[in-house]
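Since every read-out is calculated from the coordinates, none of them should be taken as a lab result. Quantities reported herein were computed from a predicted structural model and do not represent experimental measurements. Positions of Cβ are generated from backbone atoms using ideal geometry, with glycine treated the same way; all protein chains shown enter the neighbour counts.
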Amino acid sequence: MKSIITFLKKPWPYWVGGILLGLLNVILLGLSGISWQVTSGFLMWGSGVLDCCGIKIFDLSYFASYKDYYEPLIQNHNIFLNQYTILNLGVILGSLIATLLACQFRFKKIKNKKQLMFALLGGIMMGYGTRLGIGCNIGALFSGIPSLSMHAWIFGIFTILGAWVGVKILMNFIDIL
């Protein structure tokens with residue numbers, strides 16, 4: 001048992017992680033009929049909360065555009081308990097287990113209000129961007145490229161460009177954070 005924990009604590013080569021992620025994505029597709037996606041689950045959670053508050057978000061044109069995709073979840077009232085929720089909870093639980101095994105779990109204190117505001121603004125921009133980009137780096141890139149989707153390659157190019165611009169901007173604010 002000790003040798004397994006020691007093995008899990010050490011970083012794995014990138015190629016091992018890539019092969020494992022690819023195999024797991026193929027298995028997921030074969031078993032569930034969907035590729036790995038993250039933000040669709042978060043979209044359904046947020047939409048479900050707003051719907052419970054009386055805001056008829058499912059009447060928006062976004063959901064009308066993807067009616068075939070989201071309609072089964074909405075009609076069957078599976079807004080909170082569906083395959084996307086199970087995937088997201090699996091990622092969260094798996095990340096927690098990996099962090100605990102590597103003895104890397106710790107809470108970090110928020111330094112100041114500016115850091116909090118930048119984190120909130122970044123999260124909102126990322127969430128909005130995932131809807132514009134038809135998914136996040138997992139759904140739009142990791143699952144899109146193997147399915148030979150042209151939008152995944154375009155997404156990848158602009159992700160690299162966006163990361164480069166983001167780093168340049170962040171370097172100007174590093175002292176603030």
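See the values below:
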quantity	calculated
Cα centroid separation - the range 127-177 against the range 18-78, whole Å	20
Label-to-label distance, nm, for residues given as Ile86 and Ile110 (7 Å Cα→Cβ offset)	3.5
Computed E for Cys52/Thr6 - FRET, C-beta separation, R0 35 angstrom, nearest 0.05	0.15
Percentage relative contact order, the chain, counting C-alpha pairs under 8 Å, at least six apart	27
Sorted by Cβ neighbour density within 10 Å, fewest at the top, the residues Ser61, Ser40, Ser47	Ser61, Ser47, Ser40
Label point at Val26 placed 7 Å out along Cα→Cβ; residues across the range 108-151 whose backbone nitrogen lies under 16 Å	143-148
Efficiency of FRET from Cβ geometry, Trp164 and Ala64, R₀ 30 Å, rounded to 0.05	0.25
Long-range amide H partners of Cys136 with built H, under 5 Å	Val38, Thr39
Nearest-20 debye value, the chain charge dipole, Cβ charges on Lys, Arg, Asp, Glu	940
Environment charge of Gln104, counting only residues whose C-beta is closer than 14 Å and scoring Lys/Arg +1, Asp/Glu -1	+4
Mean Kyte hydropathy of 1.0 or more with a Cα span along the axis of at least 20 Å, helices from DSSP in the chain	14-32, 83-101, 150-173
